[in-house]
Amino acid sequence: PAAQAQDPEVRATFPSMYTSSGPFGETTLASYTPTQIPRADNRWNGSNRGGWSNQNFARLADQFNTSLDRPERDRLIVEMARIFSAEEPVISLHFNAIPVAFSAALRGPGPYTADGTFAWNVQQWELR
């Protein structure tokens with residue numbers, strides 16, 4: 001029923017398979033920690049609906065979430081992705097490809113993170 005679909009406790013404890021869509025990238029990966037498992041003590045809120053828990057991953061995610069050093073964050077996310085891929089707490093069924101075409105005369109577009117945008121440095125682009 002609609003009323004139960006809105007009840008976070010029912011959603012968190014209902015035995016079934018769960019499908020959803022949402023953002024991707026570093027911050028989403030780092031949210032698969034025990035603190036994000038929906039439980040009574042957090043009023044059934046949290047994004048880790050499968051209840052996956054890995055203490056080494058949680059330690060790395062905590063370091064990732066508190067580090068400002070980009071090379072260190074890159075190292076941590078690679079290690080987190082290794083653990084996540086080995087244990088597969090979630091399985092992606094669909095990947096949204098976002099192709100971007102531009103003229104060879106355009107200088108400036110470069111690499112960007114999954115949770116970023118391809119136009120992050122548009123103020124530096126030049127058309128030659």
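Where a number appears in this text, it was derived from the coordinates with a stated rule and is not lab data. Nothing here was measured: the structure is a model prediction, and the numbers come from that model. Note that each Cβ is placed from the backbone with ideal geometry, even for glycine, and that neighbours are counted across all protein chains shown.
Take the chain, connect every pair of alpha-carbon atoms lying under 10 Å apart with a spring to form a Gaussian network, then pick out the residue of Ser16, Ser67, Ser53 with the largest mean-square fluctuation.
Largest GNM mean-square fluctuation: Ser16.
Using mean Cβ contacts within 10 Å as the protection proxy, how do 76-85, 28-37, 103-112 order, highest first? Intermediate values should be presented prior to the final figure.
Values: 76-85: 15.6, 28-37: 18.0, 103-112: 10.4.
Listed from highest to lowest mean packing, they are 28-37, 76-85, 103-112.
Can you pull the percent of Cα pairs in the chain with separation above 24 Å? Don't skip to the answer; put the middle values down first.
On the way: 3739 of 8128 pairs.
I get 46 percent for the Cα pairs in the chain exceeding 24 Å.
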